[in-house]
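J.: The following block contains the structure, expressed as structure tokens.
The values are calculated or read from the model by the stated rules, or taken from the named source; none is laboratory data. Computed from a predicted structure; not experimentally measured. No Cβ is skipped: glycine too gets one built from the backbone with ideal geometry, and neighbour counts run over all protein chains shown.
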Amino acid sequence: MSIPKVVVTYNIGEEALAILKKHPMELVLWSEDRNAPREWLVENIPGAVGLLCMLTDKPIDGALLDIAGPNLQVVSTVSVGYDHIDFQALSQRNIKLGHTPDVLTEAVADITVMLALMASRNGRIAVEAVEAGKWPSTPWSLFAFCGPQISSPGYTVGFVGFGRIAQATLRRLRSFGIDRFLYNNTGRGSSRESADVDLRQQFNLKELRRVELDELAAECDLIITLTPGGALTHHLVNESFLRKMKKTAILVNPSRGTVVDSNALALALKESWIWAAGLDVVEGEPNVGLDHPLVQQPRAVLLPHIGSATFETRIAMACTAAENLIRALAGEPLLAEVKQ
């Protein structure tokens with residue numbers, strides 16, 4: 001009986017590798033800290049029973065699955081999102097898809113609050129003043145570097161998407177004295193009123209309710225997009241949405257770059273429709289150079305998709321992906337599986 005082959009497209013760390021090595025398999029590993037070349041993947045995937053991949057391995061599509069052949073049983077991605085994978089192509093071939101949705105909740109909630117603070121308090125402009133040596137020649141004035149205060153009375157936060165990360169972010173923002181939250185769950189029609197009642201009571205909130213996107217845009221001082229990518233949410237935050245926002249409002253996007261129309265947001269910042277934006281994700285990343293319209297805007301704080309970048313979280317993600325793969329091959333329930 002031949003030893004099953006598993007292909008791993010990235011250095012996933014000692015802890016996750018140890019999970020895989022407990023089981024008899026031919027482990028084909030791209031061990032460098034950079035993307036495995038497409039040519040390498042195409043060369044090594046034929047005959048594999050499992051593929052452990054990253055968000056940057058794209059596309060995992062029907063053509064690649066055909067190259068892999070009929071032995072492939074599972075694709076396990078070290079990510080929450082799976083936009084890089086053709087889920088329908090997997091389903092048609094009865095290939096399971098594992099992902100890592102729960103383990104990065106707290107880390108992404110942390111970075112969401114950081115982006116909100118950096119954007120509202122002109123963090124990029126202030127840091128650049130120091131790094132460019134301009135601080136000594138910048139005269140002090142009463143309103144220099146000032147921005148809106150998120151802990152001010154009546155401050156309202158809106159969530160586009162209200163899942164685990166949004167609720168973890170709400171817990172953190174409550175410590176700033178914020179007690180009014182609105183949300184819109186895109187594409188989800190079911191009511192969660194009883195859960196909202198529990199949250200209102202648990203955190204002593206003045207308000208927590210679901211609203212339409214237009215009301216959320218117009219009412220909120222801070223809007224945070226925490227919704228999946230894909231066709232349903234593509235450019236959900238567009239020119240029309242941005243024009244409805246307050247001039248002092250902040251937009252934060254730590255979820256998917258495709259949710260926000262970058263050109264519309266750059267225009268909104270340039271023409272002062274809104275105050276600032278904090279982004280951990282940008283459509284088309286990592287191809288975001290100095291000439292990118294958002295990089296050109298001083299009140300856009302951009303990070304290179306580091307929301308889950310803590311040692312603890314990344315190790316947990318890799319271990320979850322490894323465990324998903326092993327469980328699929330053993331015919332056991334995955335820790336986290338994408339299903340129809």
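J.: Among the residues that make up the range 319-333, is at least one of them in a loop (DSSP other than H, G, I, E, B), more than 18 Å from the chain's Cα centre (by Cα) and under 21 Å from LEU104 (Cα atoms)?
T.: Yes, the range 319-333 contains a residue that is in a loop (DSSP other than H, G, I, E, B), more than 18 Å from the chain's Cα centre (by Cα) and under 21 Å from LEU104 (Cα atoms).
J.: Which one is surrounded by the fewest Cβ atoms within 10 Å (Cβ to Cβ) among residues in the range 6-41 that are in contact (Cβ under 8 Å) with a residue 60 or more places away in the chain and not in a loop (DSSP other than H, G, I, E, B)?
T.: Checking each candidate, the answer is GLU15.
J.: Right, another one. Please work out if LEU302 is at pLDDT 95 or above and surrounded by fewer than 16 Cβ atoms within 10 Å (Cβ to Cβ).
T.: Values: at pLDDT 95 or above: yes; surrounded by fewer than 16 Cβ atoms within 10 Å (Cβ to Cβ): no.
Judged against the criteria, LEU302 is not a match.
J.: Looking only at the range 82-126, which residues are more than 19 Å from the chain's Cα centre (by Cα), closer than 20 Å to ASN71 by Cβ and of a type in the set (Val, Ile, Thr)?
T.: Hit for the range 82-126 is ILE95, nothing else.
J.: Does ALA63 qualify as being buried (at least 21 other Cβ atoms within 10 Å of the Cβ) and either in a helix (DSSP H, G or I) or of a type in the set (Lys, Arg) (or both)?
T.: For ALA63, the condition - buried (at least 21 other Cβ atoms within 10 Å of the Cβ) and either in a helix (DSSP H, G or I) or of a type in the set (Lys, Arg) (or both) - is not met.
J.: Looking at GLY177, GLY161, can you tell me which residue is in contact (Cβ under 8 Å) with a residue 12 or more places away in the chain and loosely packed, with under 12 Cβ neighbours inside 10 Å?
T.: Just one listed residue meets the conditions, GLY177.
J.: Inside the range 254-276, can you point out the residues that are within 22 Å of CYS146 (Cα to Cα) and in contact with a strand residue (DSSP E or B) (Cβ under 7 Å, 6 or more places away or on another chain)?
T.: Scanning the range 254-276 gives LEU265, LEU269, ILE274, TRP275, ALA276.
J.: If you don't mind, another one. Failed condition for GLY98, given (1) free of Cβ contacts under 8 Å to residues at least 12 places away in the same chain; (2) buried (at least 20 other Cβ atoms within 10 Å of the Cβ), with all others met?
T.: (1)
J.: Which number in (1) of a type outside the set (Asp, Glu); (2) free of Cβ contacts under 8 Å to residues at least 40 places away in the same chain; (3) in contact with a strand residue (DSSP E or B) (Cβ under 6 Å, 6 or more places away or on another chain) marks the one condition that ILE250 misses?
T.: It is condition (2) that ILE250 fails.
J.: Let me ask something else. Can you confirm whether ARG93 is at pLDDT below 95 and in contact with a helix residue (DSSP H, G or I) (Cβ under 8 Å, 6 or more places away or on another chain)? Lay out the reasoning, then the answer.
T.: On the way: at pLDDT below 95: no; in contact with a helix residue (DSSP H, G or I) (Cβ under 8 Å, 6 or more places away or on another chain): yes.
No, not satisfied.
J.: For residues that are surrounded by fewer than 20 Cβ atoms within 10 Å (Cβ to Cβ) and assigned to a helix (DSSP H, G or I), tally how many sit in the range 115-156.
T.: Selection size over the range 115-156: 13.
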